[in-house]
Amino acid sequence: MRALLSTGNQHKLDEFRRALPGWEIELVKSTAYPPETGTTYVENARGKAEHGRSVSPEDAWVIGEDSGIEARGLDGRPGLASARWADDGVARLLEELAGVGDRSARYACTIVAIGPEGQEIVVEGTLEGAVATERSGDEGFGYDPVFVPDGETRTVAELGDAWKAIHSHRARATKALTALIFPTG
Ligand code: ITT
């Protein structure tokens, strides 16, 4: 299976490749991504996928992905704004959660895949957890140094890339995608 991922985030490409080892995944050949103006993950993921579709060979599947972290004690923020709400999003998250009792949070990921005939598949994955009070670990990216999944005592950055390839919100969404594209496989 060959697919083109419409992202400017190299970590996402690495994670898709690890989560889908049988697939051949390359980046969409574009740097001019349209701004993310959607009000939902699916709208933003679709915007990325449609942009990728418009600049890619017709026979390829194109994938757009939008994701974020939602802190319950902050009414779901930063959510859709996770990539953009501060130069150092982790520092802001720790600051805003200082003194907040509920540190539970979740990662959310929505994937929109558009096939050669224009067919669209939408899948989602989530990972529940809590925000630690300080950073630990050096794998992954973004909020991983402070995100401790439910049932674990270490952060995602400590659990590492191999753990993410099986258990993350993104890995869960990619599993759902595979199940829909290859229903019998
Ligand atoms: P593209 O839009 O180019 O795909 P991006 O990084 O801007 O790349 P998003 O708009 O989907 O992607 O923002 C997702 C942000 O949510 C990401 O930059 C992180 O801050 C956070 N995030 C999402 N998944 C994460 C993960 O697995 N680990 C840590 N942080 C994550």
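With the condition kept exactly as written, say whether any residue in region 161-176 is assigned to a strand (DSSP E or B), surrounded by 18 or more Cβ atoms within 10 Å (Cβ to Cβ), within 18 Å of the chain's Cα centre (by Cα) and within 11 Å of the ligand (Cβ to nearest atom).
No, every residue in region 161-176 fails to be assigned to a strand (DSSP E or B), surrounded by 18 or more Cβ atoms within 10 Å (Cβ to Cβ), within 18 Å of the chain's Cα centre (by Cα) and within 11 Å of the ligand (Cβ to nearest atom).
In this structure, is Val123 without any contact (Cβ under 8 Å) to a residue 60 or more places away in the chain and aliphatic (A, V, I, L, M)?
Against the criterion (without any contact (Cβ under 8 Å) to a residue 60 or more places away in the chain and aliphatic (A, V, I, L, M)), Val123 qualifies.
Can you confirm whether region 80-91 contains a residue that is assigned to a helix (DSSP H, G or I) and surrounded by fewer than 16 Cβ atoms within 10 Å (Cβ to Cβ)?
Within region 80-91, one or more residues are assigned to a helix (DSSP H, G or I) and surrounded by fewer than 16 Cβ atoms within 10 Å (Cβ to Cβ).
For Ala179, state whether it is over 23 Å from Arg103 (Cα atoms), touching a strand residue (DSSP E or B) at 6+ places or on another chain (Cβ under 9 Å) and either away from the ligand (no atom under 12 Å from the Cβ) or among the hydrophobic types (A, V, I, L, M, F, W, C) (or both).
In short, yes.
Search region 6-24 for residues that are under 23 Å from Glu43 (Cα atoms) and modelled with pLDDT under 95 and pair each with any residue that is of a type in the set (Phe, Trp, Tyr) and near the ligand (Cβ under 7 Å from one of its atoms) when their beta-carbon atoms are under 6 Å apart and the residues are at least 6 apart or on different chains.
The qualifying pairs are Gly8/Tyr33.
With the structure loaded, tell me whether Ala3 is in contact (Cβ under 8 Å) with a residue 24 or more places away in the chain, part of a helix (DSSP H, G or I) and not charged (D, E, K, R) or whether it fails that test.
Criteria not met by Ala3.
Residue check, Glu158 against (1) in a helix (DSSP H, G or I); (2) closer than 26 Å to Ser6 by Cβ; (3) touching a residue at least 12 places away in the same chain (Cβ under 8 Å), all met but one. Which one?
Here Glu158 clears every test but (2).
Among (1) open to solvent by less than 70 Å² (accessible area, probe 1.4 Å); (2) over 19 Å from the mean Cα position of the chain (by Cα), where does Glu95 come up short?
(1)
Suppose we filter region 33-60 for residues that are of a type in the set (A, V, I, L, M, F, W, C), modelled with pLDDT of 95 or more and either farther than 22 Å from Gly76 by Cβ or exposed (fewer than 13 other Cβ atoms within 10 Å of the Cβ) (or both); how many remain?
1
Mind listing whichever residues of region 28-62 are outside any loop (DSSP other than H, G, I, E, B), more than 10 Å from the ligand (Cβ to nearest atom) and of a type in the set (A, V, I, L, M, F, W, C)?
Val42, Ala49, Trp61, Val62 - these are the residues of region 28-62 that are outside any loop (DSSP other than H, G, I, E, B), more than 10 Å from the ligand (Cβ to nearest atom) and of a type in the set (A, V, I, L, M, F, W, C).
Could you list all residues from region 117-149 that are over 17 Å from Lys164 (Cα atoms) and in a loop (DSSP other than H, G, I, E, B)?
Of everything in region 117-149, those that are over 17 Å from Lys164 (Cα atoms) and in a loop (DSSP other than H, G, I, E, B) turn out to be Glu117, Gly118, Gln119, Ala132, Thr133, Glu134, Arg135.
Only one residue in Glu120, Glu124 is among the acidic types (Asp, Glu) and within 15 Å of the chain's Cα centre (by Cα). Which one?
Glu124
The values are calculated or read from the model by the stated rules, or taken from the named source; none is laboratory data. Note that the structure is a prediction, hence the values are computed from the model and not measured. When we count neighbours, we look across all protein chains shown, and the Cβ atoms used for this are built from the backbone with ideal geometry, even at glycine. Note: accessible area is taken over every heavy atom of the protein model, side chains too, but ligands, DNA and RNA are not part of it. Shrake-Rupley method; radii C 1.70, N 1.55, O 1.52, S 1.80 Å.
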